[in-house]
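Working notes for the structure below.
The values are calculated or read from the model by the stated rules, or taken from the named source; none is laboratory data. Here the structure is a predicted model, which is why all the values come from computation and not from measurement. Note that we place each Cβ from the backbone using ideal geometry, even for glycine, and neighbour counts take in every protein chain shown. Accessible surface areas use protein heavy atoms only, side chains included; no ligands, DNA or RNA. Shrake-Rupley method; radii C 1.70, N 1.55, O 1.52, S 1.80 Å.
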Amino acid sequence: MAIGVVSGIPGAFSRDDQRRLCELIEAGDEVDTVVLRQNVEDAKALAFARSGGRLVGVAALKVPRSSYRKRIAQKTGFDLRTHLYPFELGYVFVHESVRRNGLSHRLVAAALDKACGKGVFATVRTDNLGM
């Protein structure tokens, strides 16, 4: 079955779509669920992958809070000032049933397209070999 990928601003998607996106992200057990819903609402763009109407993958182009940005910059030693990197790529998750088919590349490309050439940073755990 074909997998379609769409992206756009959060307001272009229904509350139900946004809720399902959050549920899929939470299934990956990688995020602080306390701020997840607000980060999704505040994102520059969301990307959805669907197969037969079923949500199978997601990604987001987030607008990180200054406290988070500062914490990551201190931990990594990278200069993550807003004018250099206004966005963060995150919440990339692909359902296990469709992994290893390049879907994460398509989701990332769809999200990054909305950055319009502006700087984007991303973080990943060193033991997350898939990413």
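Note down the accessible area of H83, probe 1.4 Å, to the nearest 10 Å².
For H83, solvent-accessible area is about 140 Å².
Using amide H atoms built in the peptide plane, which far-off residues or other-chain residues are under 5 Å from V56 H to H?
Here the answer is A49, R50, S51, since their amide H atoms fall under 5 Å of that of V56.
For every other residue with a beta carbon closer than 15 angstrom to the beta carbon of F78, add +1 if it is Lys or Arg and -1 if Asp or Glu, then tell me the sum.
Details: positive: R69, K70, R71, K75, R81; negative: D79, E88.
That works out to +3.
Is the shape of the stretch 1-70 rounded, prolate or oblate, going by the alpha carbon gyration tensor and its root eigenvalues a ≥ b ≥ c, with a/c under 1.5 for rounded and a/b larger than b/c for prolate?
Values: a/c = 2.15, a/b = 1.66, b/c = 1.29.
Judged from the Cα gyration tensor, the stretch 1-70 comes out prolate (a/c at least 1.5, a/b above b/c).
Carbon and sulfur together cover what percent of the accessible area of the chain at a 1.4 Å probe radius?
C and S atoms contribute 51 percent here.
Report I9's accessible area, 1.4 Å probe, all protein chains in place, as a number in Å² to the nearest 10.
We get 110 Å² for I9.
What percent do you get for the relative contact order of the stretch 22-131 when only Cα pairs under 8 Å and 6+ apart count?
Values: 150 pairs, mean separation 30.4, N = 110.
Here the relative contact order equals 28 percent.
To the nearest 10 degrees, how steep is helix 15-27 against the longest Cα principal axis of the chain, on a 0 to 90 scale?
With both axes taken from Cα atoms, the answer is about 80 degrees.
Computed from these coordinates, which is P(r) over Cα pairs in 5 Å bins from 0, in percent: (i) 2, 9, 15, 17, 15, 12, 9, 7, 6, 4, 2, 1, 0, 0; (ii) 2, 11, 24, 27, 23, 11, 2, 0; (iii) 2, 11, 21, 24, 21, 13, 6, 2, 0?
Here the calculated entry is (iii).
Take Y85, Y91, Y68 and sort them by solvent-accessible surface of the protein heavy atoms, 1.4 Å probe, largest at the top.
On the way: Y85 80, Y91 25, Y68 55 Å².
Output order, biggest surface exposure first: Y85, Y68, Y91.
If I fit a long axis through the Cα atoms of helix 103-113 and take the longest principal axis of the Cα atoms of the chain, what angle between them do I get, 0 to 90°, rounded to 10?
50
Along Cα→Cβ, 7 Å out, is where each label goes; now give me the distance between the ones at A73 and R54 in nm to one decimal.
4.3
Using only the Cα atoms of the stretch 37-88, build the gyration tensor, take square roots of its eigenvalues as a ≥ b ≥ c, and label the shape rounded, prolate or oblate: rounded if a/c is under 1.5, else prolate if a/b is larger than b/c, else oblate. Please report the intermediate quantities before stating the final value.
Values: a/c = 2.99, a/b = 2.63, b/c = 1.14.
The shape class here is prolate.
Expressed as an acute angle from 0 to 90° and rounded to the nearest 10, what is the orientation of the C-alpha long axis of helix 66-76 relative to the principal long axis of the chain?
With both axes taken from Cα atoms, the answer is about 80 degrees.
If the convex hull of the alpha-carbon atoms of the stretch 67-120 is projected onto planes in all directions, what is the mean projected area in square nanometres? Walk me through the numbers before you get to the answer.
Numbers: hull surface 18.8 nm².
That works out to 4.7 nm².
Could you report the stretch 1-97's accessible area per residue, 1.4 Å probe, as an integer in Å²?
Numbers: 5430 Å² over 97 residues.
Per-residue value: 56 Å².
Compute the whole-percent fraction of alpha carbon pairs in the stretch 1-40 spaced more than 15 Å apart. Before the final figure, lay out the partial values.
On the way: 368 of 780 pairs.
In whole percent, the share of Cα-Cα pairs in the stretch 1-40 beyond 15 Å is 47.
Accessible surface of K70 in the full protein assembly, 1.4 angstrom probe, to the nearest 10 Å²?
Surface open to solvent at K70 totals about 130 Å².
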